[in-house]
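Undergrad: Okay, here's the structure, questions in a sec.
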Amino acid sequence: MSLFSDRTRQMGTENAFKIGPHILAAEAAGTDVIRLNLGEPDGQPPHWVTDTVIEEIKKGNTKYCDPQGLPSLRQAIAREAGQVRGIAIHPDQVCILPGGKPSIAFTQQLYCNRGDEIIYPSPGFPIYESMAGYVGGVPVPLHLKEEEDFTFGPDQLKELITPKTKLIILNFPSNPTGGVADMAQLEALAEVILSICSPDVRVYSDEIYEHILFDNHCHASIASVPGMEKRTLIASGLSKSFAWTGGRIGYIICPSIKEAMEFKRLNINYFSCIPPYNQEGARAAIEDPRSGPWMAEMALKFQDRARKVVDQLNGIPGVSCRYPKGAFYAFPNIHGLCENLGISDVLARMPGEKKPSPASMFQMFALYIYGVAVLDRGSFGTIGAENQEFIRLSLASSLEELEAGVARLAAAGSDPEGFKNFIEKKETAAVPEGV
Ligand code: PMP
């Protein structure tokens, strides 16, 4: 008998959090670390959100509440999300969850039987892949290509669809690539789905970055394509749009009330309900007319940082980076930089079958020796990602910090001697596990 279930061994993680102990270890060893790892907007939520939360707590709104979410918040979401996407949404189709993340695993649990295939973007938010095995599903990565601006067309999707496909995960604007899809592209994807998938196949459309778009790009949702509103789960939340990651307010909009009732049942089984005072804060965020301009201003700030950081990254030998179109990350290709440091040669000499990727080695070198925390390609899906060398920098830090962080990456990238020493010192805790 083993302590943990087989299922538990299938569960992955999110390295943005997992790297925390490495950051602390680097700091304990005397390195000051610039943290560009976490996707958490800097700054505070707008005061009309926090004021509402405080007032609600003072009023005593601190008890259990509707497990599906407060009707007033669900109404606000249904109204706003429906208007933006040009579809009718009933408030009972909405279920509130503690953040954007839980609906990923809940969706996989609710719709997938053992052996059902889950198509998801890679590189993509790691939880799509890390929970698939846990629920007994089969993860099927849809590899996003740099030269196609990290999006994909109908043929690429069609190739992956089989009679076992049960769930297709989309994420625009994308983490970590900043890719965005326009309506024509989504229509083409929808045509494939509507023509070859059973009506019970669901699209999970992760739209959590819907308000963070650059250079006049507009948000498009596959749920707006006629026929797709009956097959699409729209997932979003307030963590990114309102710089409120600690509020833990996310939501799922289901194609039917029947499906929302199943999310509600999971809520009841797992945590009963979400703090009502935070839900009131979320309602204030969605309904207050000041919120639109507030979010637009935050997006402009990220856009400005993205341009400057990408330009700076492209000045580093062996690095090439595209401008993100949305979200708040830069995702440079560091293949040449890894070559310049001789990482492949070091890996070739390393014993063992399961070796770390060059990007993981660089990630640890940059952290422990140069004091800058970024995430490697393997943090965004591992299956089939072995020969891809990218890192992700979160743009949610001040420009000064970002510029200093990129300068440290540049210095690390031009220090093959330092890299050799780092490896020879055999700082085993710092040398990463396999991809
Ligand atoms: N989806 C994507 C694409 C994300 O990047 C994130 C957070 N990094 C989430 C979902 C989860 O958001 P939350 O913090 O609200 O759980």
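Undergrad: Determine the relative contact order of the chain: mean sequence separation of Cα pairs under 8 Å and six or more apart, normalised by residue count, in whole percent.
TA: Contact order relative to length: 22 percent.
Undergrad: Once Lys and Arg get +1 and Asp and Glu get -1 on their Cβ, which of Leu233, Ala181, Ala299 lies farthest toward the positive end of the dipole of the chain?
TA: The listed residue farthest towards the positive side: Leu233.
Undergrad: So with the 1.4 Å probe, I'd like the accessible area per residue for region 42-102, rounded to whole Å².
TA: 49 Å²
Undergrad: To continue, here is another question. Could you give the semi-axes, largest first, of the ellipsoid that matches the chain, computed as the square roots of 5 times the alpha carbon gyration tensor eigenvalues and rounded to whole Å?
TA: Working: eigenvalues 253, 127, 94 Å².
That gives 36, 25, 22 Å for the three semi-axes.
Undergrad: Given a cut-off of under 8 Å on Cα pairs at least six residues apart, what relative contact order in percent is computed for region 323-398?
TA: So the answer I get is 41 percent.
Undergrad: What is region 236-326's relative contact order, in percent, from Cα pairs under 8 angstrom and six or more apart in sequence?
TA: Relative contact order, region 236-326: 18 percent.
Undergrad: Next up: What does the extension gain come out to for Ser256 and Asp200, with contour length at 0.36 nm per residue minus their alpha carbon separation?
TA: The Ser256-Asp200 span can extend by a further 19.0 nm.
Undergrad: Please report, in debye to the nearest 20, how large the charge dipole of region 289-349 is about its Cα centre when each Lys and Arg carries +1 at its beta carbon and each Asp and Glu carries -1 there. Provide the component values of the computation, followed by the final result.
TA: Details: 8 positive and 5 negative charges, 56 e Å.
Taking the Cα centre of region 289-349 as origin, the dipole is about 280 debye.
Undergrad: Computed FRET efficiency, Cβ-Cβ of Ile268 and Glu417, R0 51 Å: what is it to the nearest 0.05?
TA: Result of the calculation: an efficiency of 0.30.
Undergrad: Rolling a 1.4 angstrom probe over the protein chains, ignoring ligands and nucleic acids, what is the accessible area of Arg248 in square angstrom, nearest 10?
TA: 90 Å²
Undergrad: So for the pair Arg290, Cys218, with labels modelled 7 Å out along Cα→Cβ, what separation do we get in nm?
TA: Result for the modelled spin labels: 2.8 nm.
Undergrad: Please check the chain for the longest run free of chymotrypsin sites (Phe, Trp or Tyr not before Pro) that are loop-located per DSSP (anything but H, G, I, E, B) and have at most 15 other Cβ atoms within 10 Å.
TA: 65-270
Undergrad: Let me ask you something else. Mind checking region 327-435 for trypsin sites (Lys or Arg not before Pro) that DSSP puts in a loop (not H, G, I, E or B) and that have at most 14 other Cβ atoms within 10 Å?
TA: Values: sites: Arg349, Lys354, Arg377, Arg392, Arg408, Lys420, Lys425, Lys426; in loops: Lys354, Lys425, Lys426.
Here the trypsin sites (Lys or Arg not before Pro) that fit, given the DSSP loop and packing criteria, are Lys354, Lys425, Lys426.
Undergrad: Could you check the spin-label model distance between Ala29 and Ala188? Points 7 Å from the Cα along Cα→Cβ, value in nm.
TA: So the two model labels end up 4.7 nm from each other.
Undergrad: I would also like to ask the following. Taking only protein heavy atoms and a 1.4 Å probe, what accessible area per residue, in Å², does region 269-412 have with all protein chains in place?
TA: 38 Å²
Undergrad: So between Glu55 and Arg7, what do we pick up on full extension, going 0.36 nm a residue minus the alpha carbon distance?
TA: Values: separation 48, 0.36 × 48 = 17.28 nm, distance 4.28 nm.
Using 0.36 nm per residue and subtracting the Cα-Cα distance, I get 13.0 nm.
Undergrad: When a/c reaches 1.5 or more, the comparison of a/b and b/c decides; with that in mind, is region 286-435 rounded, prolate or oblate per its Cα gyration tensor? Before the final figure, lay out the partial values.
TA: Values: a/c = 2.45, a/b = 1.97, b/c = 1.24.
Prolate shape, in that a/c is at least 1.5 and a/b is the bigger ratio.
Undergrad: Where the accessible area of the chain is counted over protein heavy atoms with a 1.4 Å probe, how much of it, in %, is carbon and sulfur?
TA: For the chain, the apolar C and S fraction of the accessible surface comes to 53 percent.
Undergrad: Counting each DSSP H run of 4 or more residues in the chain as -39500 (n - 2.57), what helix-only mean residue ellipticity at 222 nm follows after dividing by all residues, to the nearest 500 deg cm²/dmol?
TA: That calculation yields -12500 deg cm²/dmol at 222 nm.
The values are calculated or read from the model by the stated rules, or taken from the named source; none is laboratory data. As the structure is a prediction and not an experimental result, all values here were calculated from the model. Here Cβ is always computed from backbone atoms with ideal geometry, including for glycine, and neighbour counts include all displayed protein chains. Each accessible area value is taken on the protein alone, full model and side chains, heavy atoms only, with ligands, DNA and RNA left out. Shrake-Rupley method; radii C 1.70, N 1.55, O 1.52, S 1.80 Å.
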